[in-house]
Amino acid sequence: MTDLLWLIPALPLASATLLIFGSQWWGPRSVAALGVGSVAAAGVCVLLTILSWQGAPLQQTLWTWIAVGELSAGVSFYIDGLTLVMLSVITGVGFLIHLYSAEFMSGDASYARYFAYLNLFVTAMLTLVMADNLLLLFLGWEGVGACSYLLVGFWHFDAANGAAARKAFVVTRVGDAAMALGLFLLFREFGTLDIQALGSAATAQWEVGDPTAVLATALLLGGAVGKSAQLPLHTWLPDAMAGPTPVSALIHAATMVTAGVYLIARTHELFLLAPPTLAAVAIIGLLTLLLAAFTALCQNDIKRILAWSTISQIGYMFLGLGVGAWSASIFHLMTHAFFKALLFLAAGAIIHCLHHEHDIRKMGGLRSRLPLVFLSFLIGAAALSALPLTSGFFSKDLIVLAAFEAPGIGPWLWAGAVLGAFLTALYSFRLVFVVFFGRADTLPDRQPGPAMAMPLSVLCVFSLAGGWLGIPVASVFPTAAEAHPALWVEAVSIGLPLLGVAMAYVLFLGRQWDASGLVESAPGQTLFRFWHAGWRVDGLYDWLWVKPFVGLTVLLKSEPVDRLYGAVVALCQFCHQQLSRSQSGRLRQYATVMAAGVIVLLGVVWRAAGG
Amino acid sequence: MDGLQVPLEHVLGLASLLFALGLTGLMVRRNILFVLMSLEVMLNSAALAFVAAGAHWGQPDGQVVFMLVLTVTAAEVSVGLGLVLQIQRRFHTLDIDAATRLRG
């Protein structure tokens, strides 16, 4: 079925092109049909490919994209188990989110523009995961970044949204620059950017721990960290919530932000040659997941809580990659795409039905008023908290146990990960209890329609049952030894999320324990504000980079170099004014000056002659 | 020399005095007619110095230059008087300080 491969990215691209150039000819119904239908058709192509897949990697070269000197990069696709998982997630979850958007965005003045961007994003993301060389992957990588920028700033009449979009673009650009350098280094070393060729060449040429390997993978990691919003480049993701909620679900939860995980998994042969980088991946993941979990606990904006939780969950994926649990990470990527898309779409439904209210303190008692949304959110939160038998449980448990088995720092990684799991359960169920229980402050003015209800229902099923899906990545990654940790380790890993739910119940619903005194005490307030501001990383960057840069631009705006030339001009003008004042036009004065000049000259000559 | 009864120093002193008088007149008089007359005095003082020098060294050049100065003076006066007429016509005064349109 290789004939169909090119259609997978081509269909959304065609739709995006039609929508961009023909937006004035389409009514809202045909825009929605085109936008949703193209992704659905791409999804069907993916399904057909999966059904006919024999287990061997598929390759298809469409044409040679760039051929300069040694460099030859084709528009060519490489499809193996990993790609198929990504393709299913992108087209499957992507289709559901497109469908949801058709209702969510109805009535928006830029309906066609929205679907054009969204389709373009799907195209870029599909290119990213299907590419068989790193250059084409980088094209998709930048493409999703550009679409993320366009969609975060979709409602660009509000200047704050534009600022959020710029921040998302600029911060990820830092990582992208590192990644581009990594590509240059790899090309210099091996003369090719073909991923499979790179893998075998690197294995042959480099020993484990080779400094060049460490440098190259560290640069690739820089790109992954930027795109996947990990420490220290995570600050853009919470602000990216300025975009429409389905965009947050698709780009900033399910697909684009996991591109970094995909990149590391795709180039795992390189990373295996660089144990220091792998350890850095694990530690970055651990720190990020803890930082983001603490921050999520202190937020009040429903979308920001989910954004921080996304950062935290990608931290788990990085942790998994770092300890060599490749397939567990990809598995968590998939289940996370299900339950986080579900959570975002449910949050979008709440916002949609509640007059664009974002603050959870003004919500409450929605359980009976929005039953479907409540059910979706409950399932999503359960999966996010990794409660037993939900999809998140299977994937997260694999990562946590693999972290324990890691040599050396393993138990520490495990301890951090289960602490993160406890916090995840705490903030997830805080959200559930505060939003859906208690007193009703704001009443919904409508119910989600069928186009919003259907994706929610489907994602509910996947969030619950996604854990039983097998992912065909065994042939892609080296087989990891099955983790068999002690019973108490398993018990703690499973038990802590339950404890988190119980604690959330005690704190936010039953209120048997009132922690407000603790929070309102002076150290409690300091800590709360510190966590609320995301550990003040934004403030740090502001102080470290933004303020000096702005100061420099203000300085340069006054043209300091031109001051010198300005001084020359001013001097000339001053002298000119003085000299022109002597041009009085009075003949007698001229005569006097001339006479004086002659006398002076005569005096000079007389003295020079030695008189 | 036989023909010279007056010492050269005296003649040159007179010429200098005349030149200084002319220059002073040029600098202080505002009436354009007097300015022209002051110019004449200065030119003639120079011519006198030439003549005296020529007589002192017994050379004819001094008198040649005197003739030249005389011609130049005649030309200068004709142009100068034309200017005087023009200034009188345009400014209705002979005050030289009224014509300062060329000031910077």
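The values are calculated or read from the model by the stated rules, or taken from the named source; none is laboratory data. Everything numeric here is computed off the predicted structure, so don't read it as measured data. Neighbour counts run over all protein chains shown; Cβ positions are idealised from the backbone, glycine included. For accessibility, only protein heavy atoms count, side chains too; no ligands or nucleic acids. Shrake-Rupley method; radii C 1.70, N 1.55, O 1.52, S 1.80 Å.
Give the residue, chosen from A:552, A:564, that is closer than 30 Å to residue A:235 by Cβ and either under 51 Å from the mean Cα position of the chain (by Cα) or surrounded by fewer than 10 Cβ atoms within 10 Å (Cβ to Cβ) (or both).
A:552
Checking residue B:33 against (1) modelled with pLDDT of 90 or more; (2) buried (at least 18 other Cβ atoms within 10 Å of the Cβ); (3) within 14 Å of chain A (Cβ to nearest Cβ), which test does it fail?
Going through the list (1) modelled with pLDDT of 90 or more; (2) buried (at least 18 other Cβ atoms within 10 Å of the Cβ); (3) within 14 Å of chain A (Cβ to nearest Cβ), residue B:33 breaks only (2).
Step by step: first the residues of the stretch B:86-104, then only those that are open to solvent by 70 Å² or more (accessible area, probe 1.4 Å) and assigned to a helix (DSSP H, G or I), then the one that is farthest from the other protein chains (Cβ to nearest Cβ). Which residue is that?
B:89
Which ones in the stretch A:91-121 are outside any helix (DSSP H, G or I) and either at negative phi or crowded, with 24+ Cβ neighbours inside 10 Å (or both)?
Within the stretch A:91-121, the first condition is being outside any helix (DSSP H, G or I), and the residues that meet it are A:105-110.
Passing the criteria: A:105, A:106, A:108, A:109, A:110.
(1) hydroxyl-bearing (Ser, Thr, Tyr); (2) under 19 Å from residue A:421 (Cβ atoms); (3) surrounded by fewer than 24 Cβ atoms within 10 Å (Cβ to Cβ): which one isn't true of residue A:368, the others all being true?
Result: residue A:368 passes all but (2).
Yes or no: residue A:171 within 23 Å of residue A:249 (Cβ to Cβ) and touching a helix residue (DSSP H, G or I) at 6+ places or on another chain (Cβ under 9 Å)? Full working, then the answer.
Numbers: within 23 Å of residue A:249 (Cβ to Cβ): yes; touching a helix residue (DSSP H, G or I) at 6+ places or on another chain (Cβ under 9 Å): yes.
So residue A:171 fits the description; yes.
Here are A:570, A:591: which of them is in a helix (DSSP H, G or I) and within 14 Å of chain B (Cβ to nearest Cβ)?
A:591
How many residues are in a helix (DSSP H, G or I) and free of Cβ contacts under 8 Å to residues at least 40 places away in the same chain when one looks only at the stretch A:141-162?
To start, the set of residues in the stretch A:141-162 that are in a helix (DSSP H, G or I) comprises A:141-152, A:159-162.
This time we only want the ones that are free of Cβ contacts under 8 Å to residues at least 40 places away in the same chain, so: A:142-143, A:146, A:149-150, A:159, A:162.
Matching residues across the stretch A:141-162 total 7.
Residues in the stretch A:3-24: is at least one touching a strand residue (DSSP E or B) at 6+ places or on another chain (Cβ under 8 Å) and under 16 Å from residue A:131 (Cβ atoms)?
Taking the stretch A:3-24 first, the residues touching a strand residue (DSSP E or B) at 6+ places or on another chain (Cβ under 8 Å) are A:5-6.
Subsequent filtering for residues that are under 16 Å from residue A:131 (Cβ atoms) retains A:5-6.
Yes, because at least one residue in the stretch A:3-24 is touching a strand residue (DSSP E or B) at 6+ places or on another chain (Cβ under 8 Å) and under 16 Å from residue A:131 (Cβ atoms).
Name the one entry in B:83, B:70 that is more than 14 Å from chain A (Cβ to nearest Cβ), at negative phi and either in a helix (DSSP H, G or I) or in contact with a Pro (Cβ under 8 Å, 6 or more places away or on another chain) (or both).
Sole residue among the options that is more than 14 Å from chain A (Cβ to nearest Cβ), at negative phi and either in a helix (DSSP H, G or I) or in contact with a Pro (Cβ under 8 Å, 6 or more places away or on another chain) (or both): B:70.
Considering only the stretch A:534-567, how many residues are touching a residue at least 24 places away in the same chain (Cβ under 8 Å) and outside any helix (DSSP H, G or I)?
Matching residues across the stretch A:534-567 total 2.
Could you check, for the stretch A:57-78, whether at least one of its residues is touching a residue at least 40 places away in the same chain (Cβ under 8 Å), part of a helix (DSSP H, G or I) and either charged (D, E, K, R) or surrounded by fewer than 24 Cβ atoms within 10 Å (Cβ to Cβ) (or both)?
For the stretch A:57-78, residues touching a residue at least 40 places away in the same chain (Cβ under 8 Å), part of a helix (DSSP H, G or I) and either charged (D, E, K, R) or surrounded by fewer than 24 Cβ atoms within 10 Å (Cβ to Cβ) (or both): absent.
Within the stretch A:122-154, restricting attention to residues that are in contact with a Gly (Cβ under 8 Å, 6 or more places away or on another chain) and under 20 Å from residue A:23 (Cβ atoms), which residue is surrounded by the fewest Cβ atoms within 10 Å (Cβ to Cβ)?
Taking the candidates together, the pick is A:154.
Just to be sure, is residue A:602 more than 14 Å from chain B (Cβ to nearest Cβ), open to solvent by 100 Å² or more (accessible area, probe 1.4 Å) and at pLDDT 90 or above? I'd like the intermediate steps shown before the answer.
Numbers: more than 14 Å from chain B (Cβ to nearest Cβ): no; open to solvent by 100 Å² or more (accessible area, probe 1.4 Å): yes; at pLDDT 90 or above: yes.
Spelling it out, it is not the case that residue A:602 is more than 14 Å from chain B (Cβ to nearest Cβ), open to solvent by 100 Å² or more (accessible area, probe 1.4 Å) and at pLDDT 90 or above.
Would you check if there is a residue in the stretch A:532-547 being more than 57 Å from the chain's Cα centre (by Cα), open to solvent by 100 Å² or more (accessible area, probe 1.4 Å) and either within 14 Å of chain B (Cβ to nearest Cβ) or farther than 30 Å from residue B:33 by Cα (or both)?
no
Being away from chain B (no Cβ under 14 Å), of a type outside the set (A, V, I, L, M, F, W, C), surrounded by fewer than 16 Cβ atoms within 10 Å (Cβ to Cβ) and more than 28 Å from the chain's Cα centre (by Cα) narrows it down to one residue among A:577, A:512; which is it?
Details: A:577 fails: away from chain B (no Cβ under 14 Å).
A:512 is the lone residue from the list that is away from chain B (no Cβ under 14 Å), of a type outside the set (A, V, I, L, M, F, W, C), surrounded by fewer than 16 Cβ atoms within 10 Å (Cβ to Cβ) and more than 28 Å from the chain's Cα centre (by Cα).
Each row is one residue, and each column tells you yes or no for (1) part of a helix (DSSP H, G or I); (2) within 27 Å of residue A:16 (Cα to Cα).
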position	(1), (2)
A:181	yes, no
A:185	yes, no
A:197	yes, no
A:220	yes, no
A:231	no, no
A:241	yes, yes
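For the stretch A:168-185, what are the residues that are among the hydrophobic types (A, V, I, L, M, F, W, C) and surrounded by 24 or more Cβ atoms within 10 Å (Cβ to Cβ)?
If the condition is that a residue be among the hydrophobic types (A, V, I, L, M, F, W, C) and surrounded by 24 or more Cβ atoms within 10 Å (Cβ to Cβ), then A:168, A:179 are the ones that fit.
Residues that are part of a helix (DSSP H, G or I), in contact with a helix residue (DSSP H, G or I) (Cβ under 8 Å, 6 or more places away or on another chain) and within 14 Å of chain A (Cβ to nearest Cβ): does the stretch B:47-54 have at least one?
The first filter runs over the stretch B:47-54 and keeps only residues part of a helix (DSSP H, G or I), leaving B:47-54.
Adding the requirement that they be in contact with a helix residue (DSSP H, G or I) (Cβ under 8 Å, 6 or more places away or on another chain) leaves B:47-54.
Right, trim to within 14 Å of chain A (Cβ to nearest Cβ) and you get none.
No, that holds for no residue.
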